[in-house]
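Bear in mind that the values in this text are calculations on the coordinates, not laboratory data. Every value quoted in this text rests on a predicted model; they were computed, and no experiment measured them. Every residue, glycine as well, gets a Cβ built from its backbone with ideal geometry; the counts of neighbours run over all protein chains shown.
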């Protein structure tokens, strides 16, 4: 086996660090087997990582006939990372160590007052509070990862022209520059759907999943795909394109720029709210009177309450929405053929019936079923998937 050229040592060091980070503990023999490096090169890399405090030894592993092997793990307190989710309904800030253990997490609702400037101000204040609570100096922070609603200019850290934010000012928001100026921490931007998938795949990393799909059903529909362990990025950043998948050619459209019969017009929080308000205005639904709100105040929260109370009409609206969502999900599965499909968002979590109906419809409309059947999951991290994945993108770009 040929020695690796000296100039590739930094990239090799990063690769070995990543392999250790992706496991709880690992021996040198396991690293040799997976890295295909010479023993001398690997020894030098491990010595460098130990000397720099990036990894540490953690006792001895079981013997396979000879000496018990030294086990390595990453030093979780080498530095810390902030992760931030920016979405239309709620946003979340987390402080993580390098093993992705959350030290603090705060979630808040987004409303008409939370402009980009207000969000940056509020989140920066929380960051300072987290650091004070845990007695961590700002110099220990390795960066801020942001998982946000798209479309985005990821390279320049800009939220471009998102729909449905309660507050104004989110178009062309240079969110990374704003945070860097306010906090002094390097900021990286990625789609929230992508960071959710990164987070969920990391949470079951021992399963070595290579091909995965994530679909978020909430105020809008968002999706992300992973192939051979890497997020699939298209030519343009449009995570919400799944919402414009045409399900019913002569169907409604949600807003003036959308497709007729698009999935989001049939299966989204806004579609359900629109349906409930229309029925109330036409006098076909007693919900507004029963819950003492005007037809325009029939929000998703009210509909979830009515669903929990087993209101027949509301249950049927949610069931129809789940059927349409399942058809759209089957279309994605038939194109991509993932091993696992993660589902998240307000609709998925509104009631067990929604998830069960949607996955049943998707399963039955999957080509090659039952010979091929992807696994469906609400994920391990659930509502913390986006913020965890956002922190992971910072860790994965550590300069070693």
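When the chain is treated as a GNM, springs tying every alpha-carbon pair under 10 Å, which of 258, 79, 59 comes out with the largest mean-square fluctuation?
Of 258, 79, 59, the Gaussian network model singles out 59 as fluctuating most.
With just the Cα atoms defining each centre, how far is segment 13-50 from segment 224-257? Give it in Å.
Computed from Cα coordinates, the inter-centre distance equals 39 Å.
Which of 67, 44, 107 comes first, and how do the rest follow, when ranked by fewest Cβ neighbours within 10 Å?
Result, fewest neighbours first: 67, 107, 44.
Points 7 angstrom from Cα along the Cβ direction at residue 294 and residue 11: gap in nanometres?
Inter-label distance under the simple model: 6.2 nm.
Going 7 Å from the Cα of residue 155 along its beta-carbon direction, which residues of segment 220-236 have the amide nitrogen within less than 14 Å of the resulting point?
Backbone N within reach: 234-236.
Can you give the FRET efficiency to the nearest 0.05 for residue 76 and residue 369, using r as the Cβ-Cβ distance and R₀ = 51 Å?
Approximately 0.75, to the nearest 0.05.
Roughly speaking, what is the centre-to-centre gap between segment 293-356 and segment 115-156 when only Cα atoms are used, to the nearest Å?
Each part reduced to its Cα centre gives a spacing of 32 Å.
Arrange 73, 364 by Cβ neighbour counts within 10 Å, fewest through most, would you?
364, 73
Give me 135, 277 ranked fewest to most by other Cβ atoms within 10 Å of their Cβ, as a rough exposure proxy.
135, 277
When the chain is treated as a GNM, springs tying every alpha-carbon pair under 10 Å, which of 153, 22, 133 comes out with the largest mean-square fluctuation?
Largest GNM mean-square fluctuation: 133.
Based on the Cβ-Cβ distance from residue 205 to residue 64, what FRET efficiency comes out when R0 is 30 Å, to the nearest 0.05?
Taking R0 as 30 Å, the efficiency between residue 205 and residue 64 is 0.80.
Kindly state, to the nearest 0.05, the FRET efficiency for residue 44 paired with residue 186, given R0 = 25 Å and r defined as their beta-carbon distance.
So the FRET efficiency works out to roughly 0.30.
Name the most mobile residue of 25, 388, 235, meaning the one with the largest mean-square fluctuation, in a Gaussian network model of the chain with Cα contacts below 10 Å.
Per the Cα network of the chain with a 10 Å cutoff, 235 tops the list.
Give the angle, between 0 and 90 degrees and rounded to the nearest 10, that separates the Cα long axis of helix 192-203 from the longest principal axis of the Cα atoms of the chain.
50 degrees
Mean residue ellipticity at 222 nm from the helices of the chain, using -39,500 (n - 2.57) per DSSP H segment of n ≥ 4 over the full residue count, to the nearest 500 deg cm²/dmol?
Mean residue ellipticity, 222 nm, calculated: -12000 deg cm²/dmol.
Within segment 165-196, find all residues whose amide N lies under 18 Å from a label point positioned 7 Å from the Cα of residue 117 along Cα-to-beta-carbon.
Residues passing the 18 Å test: 166-183.
Can you give me the angle between helix 9-21 and the longest principal axis of the chain, using Cα atoms only, in degrees from 0 to 90, rounded to the nearest 10?
Helix 9-21 sits at roughly 60 degrees to that axis.
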